[in-house]
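Before any comments, here is the structure.
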Number of protein chains: 2
Amino acid sequence: MNWDDLRLFLAVARTGSISGAAKQLGVQHSTISRRMRQFEKNLGTRLIERKSGRYELTPAGENVKEVSDRIEREVLGFDGALAGEDAQLVGPLKVAALNNMASSVFMPMFASFNRKRPQIELHIIVANMDVSLPQREADIAIRLTNSPTESLIGKRIVTVASGIYGSRDYLRLLREKGGRPKWIGVECCGFHVTWTKRTSGSQSHNFYCDDTLLTLSAIREGLGISILPCFMGDTDPLLERYCAPDPAYNLGLWVLLHPDLKRSARVLAFRDHMVQEIKEKKDLFEGLRPQAGH
Amino acid sequence: MNWDDLRLFLAVARTGSISGAAKQLGVQHSTISRRMRQFEKNLGTRLIERKSGRYELTPAGENVKEVSDRIEREVLGFDGALAGEDAQLVGPLKVAALNNMASSVFMPMFASFNRKRPQIELHIIVANMDVSLPQREADIAIRLTNSPTESLIGKRIVTVASGIYGSRDYLRLLREKGGRPKWIGVECCGFHVTWTKRTSGSQSHNFYCDDTLLTLSAIREGLGISILPCFMGDTDPLLERYCAPDPAYNLGLWVLLHPDLKRSARVLAFRDHMVQEIKEKKDLFEGLRPQAGH
DNA sequence: AACATAATGTGCATATTTGCACATTATCGG
DNA sequence: CCGATAATGTGCAAATATGCACATTATGTT
């Protein structure tokens, strides 16, 4: 019996669907479907049954799930202990960061760390939702928040200011013709959604972006204005500030790690590197580098 | 992390070598070697180290072995429970039998079971050493022994008589010329080794066989005489008995299963089938069918 | 009932893993 | 030290697993 099938079954049991498990494990749903069928065939019994639109566990499946839960705890326990004590500056390192930051301001920082420490395999995980450090989905998370999860270790390195940006052409036309600017709708995170709603009033949108990078592109296209972090708005030559940053938009930039990993040499090496690099760009993050011409 | 790597690591930890683990798991040693290296790389730490001709565990490896032991217990626990309650006459069934019996007298019996129950996937495991039923290396074992493992369930179905056989030509020449016969050396099992030594006296051998099928072939070639079970000697037209079976050579033929599986429908179906088939050939096993012409 | 969407299944191409054969290294005995 | 054997490593072909694109089925809404 392949023990790894238990890990896969556990994902199906927890999500209640094949597509949910596929998403959680980062593989194709067809892979999950096939492996589950084969696993059940090997065992000679059904573990899951289709009921009212979701998969429910058979009695046998309940039993196997309990076992799999215990196995996961065992695995997470030693995995955490191993990684936490690892004094080697070698091996994999999973870093979770927001898509907008990872592909822009942070990428040069990742690259310089990679050049300095090529034996450490960097795995950048971009997601606009928090990845779970306790579940070892990542070793380090770089987060924008004013209230980080308390059980994680880390500090607020800089404050990230945000302002309202529009393209230069769009704003020039707006100044010539007057009138109210058009707001781009955002669905990237509750924070941006809330502030966009408050600032734009009851204006309705006909264009929505669920990622800040998309918002940036939409602004460049002249679709309107929107809230952007200054490190993005102030570094794009086609954009300019519609108005100055409002402290109400401020968020903290945190480099967080799980307590289990506080002695892992490569995690600490990466953290220290990022802290230093971020501090060197403190002005940019805090909105003190507006573009010339504003 | 692939949980199945833990199962593989456990085999290496227990056998102290890559080739040992490969043999235990039934895969190529190169597969073990590669997967272990990759597993260690993924973990970022060494689990095994080469010391005086064997692999020993690092401290981290000791920790992971304990976890893997516990996981194995979990897996064997539910696997046993699942299989034991399985009322389906479908799925895999692993049968362990000696090579000489599996390929001769039992094969027609396996075949008839397979024709009767094609939904049951028969896996015949031949080995001249006991495979472990508690470790689920097999579901059923057919064994020749006078003292089966007490914790297993099963009974002695027939007695297997053995006699000393030689080829017809060899024995005819021996009778014409007189003299003492030459004994073929055996290394197949302690039982045969002991009785060969006692019966042949201090005669030394220059030809050894470590499998009864090999012994049969050597006898056919006229290399000498040797002890063979009657079901083998009495069914080969080129062989005849050098002397009658000696009850001292008798062994019991047992069909054994693990207590966990005493309610598994397909295990019981196979057991019942074999018991019936073996009883139908009781005379042959007990040496009551000598060849005509003896 | 019709339609849209989500979830699952299937065929085929691609990627990955494994077996095989040979090479290299390590160990043991003379 | 040398030779034989056992254990491990490597390149390549074969086998297996997975991703992708599409098909089919299931579910929810109008």
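The values are calculated or read from the model by the stated rules, or taken from the named source; none is laboratory data. Since the model is a prediction, treat every value here as computed from it, not as a measurement. Cβ sites come from the backbone with ideal geometry, for glycine too, and all protein chains shown count toward neighbours. Heads up: the accessible areas ignore ligands, DNA and RNA and are worked out on the full protein's heavy atoms, side chains in. Shrake-Rupley method; radii C 1.70, N 1.55, O 1.52, S 1.80 Å.
One table, with the values for the structure above:
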| quantity | calculated |
| --- | --- |
| Gain upon complete extension [A:Arg180, A:Ser147; 0.36 nm per residue less C-alpha separation] | 8.5 nm |
| Pseudo-label separations to other copies for B:Arg180 - Cα-to-Cβ vector, 7 Å, nm | 11.8 |
| R0 of 60 Å, Cβ-Cβ distance A:Thr235-B:Arg34: FRET efficiency to nearest 0.05 | 0.85 |
| Principal-axis tilt of helix A:4-15 within chain A, Cα atoms, nearest 10 degrees | 60 degrees |
| Cα long-axis angle, helix B:265-280 against chain B (0 to 90 degrees, to the nearest 10) | 10 degrees |
| Theoretical ellipticity at 222 nm over chain A - DSSP helices of four or more residues, -39500 (n - 2.57) apiece, nearest 500 | -13000 deg cm²/dmol |
| Protection proxy ranking of B:56-66, B:216-226 - average other beta-carbon atoms within 10 Å, highest first | B:216-226, B:56-66 |
| Mean Cβ neighbour count within 10 Å, used as a protection proxy, ranking B:94-102, A:274-282 highest first | B:94-102, A:274-282 |
| Kirkwood-type radius of region B:4-84, with distances r between different C-alpha atoms, in Å | 13.1 Å |
| Estimated vicinal HN-Hα couplings, Hz - region A:218-223 in sequence order (Karplus 6.51, -1.76, 1.60; Gly, Pro = x) | 5, 5, 4, 6, x, 6 |
| Accessible surface, chain B, averaged per residue in Å² (probe 1.4 Å) | 48 Å² |
| Using θ = phi - 60° and Karplus 6.51 cos²θ - 1.76 cosθ + 1.60, couplings along region A:251-258 (whole Hz; Gly, Pro as x) | 9, x, 9, 10, 10, 10, 9, 7 |
| Pseudo-label separations to other copies for B:Val275 - Cα-to-Cβ vector, 7 Å, nm | 7.2 |
| Distant-in-sequence amide H partners of B:Gly222 (H built 1.01 Å from N, under 5 Å) | B:Ser167 |
| Value of relative contact order over region B:1-153, rounded to a whole percent, pairs C-alpha under 8 Å and six or more apart | 17 percent |
| Interchain or long-range residues, amide H under 5 Å from A:Gly252's placed H | A:Thr145, A:Asn146, A:Val160 |
| Interchain or long-range residues, amide H under 5 Å from A:Ala96's placed H | A:Ile125, A:Asp139, A:Ile140, A:Ala141, A:Ile142 |
| Computed over the protein assembly as shown, Kirkwood Rh from alpha-carbon pairs, angstrom | 30.1 Å |
| ³J(HN,Hα), Karplus 6.51/-1.76/1.60, whole Hz, each residue of region B:35-43, x for Gly, Pro | 5, 5, 4, 5, 4, 4, 5, 4, 6 |
| B:Val193 versus B:Ser112: modelled label distance in nm, points set 7 Å from Cα along the beta carbon direction | 3.6 nm |
| Three-way shape label, chain B, alpha-carbon gyration tensor, a/c 1.5 | oblate |
| Shortest-first nm distances, A:Asn250 label point to equivalent points in other copies (7 Å, Cα→Cβ) | 9.6 |
| Size of the A/B contact, given as accessible area buried on both chains, probe 1.4 Å, in Å² | 2800 Å² |
| Relative contact order (percent, whole number), chain B, Cα cutoff 8 Å, 6+ residue spacing | 22 percent |
| Cβ neighbours within 10 Å from other chains - mean over A:4-10 | 3 |
| Between helix A:59-84 and chain A: long-axis angle, C-alpha atoms, 0 to 90°, nearest 10 | 60 degrees |
| Whole-percent carbon and sulfur share, accessible surface of the protein assembly as shown, 1.4 Å | 50 percent |
| Peptide B:38-47 - average C-beta neighbours from other chains (10 Å radius) | 4 |
| Dipole magnitude (debye, nearest 20) for the protein assembly as shown, charges at Cβ of Lys, Arg, Asp, Glu | 520 debye |
| Using a Förster distance of 60 Å, the FRET efficiency for B:Gln291-B:Arg70 (Cβ separation, nearest 0.05) | 0.60 |
| FRET efficiency, A:Lys155 to A:Val27 (Cβ-Cβ, R0 41 Å, nearest 0.05) | 0.70 |
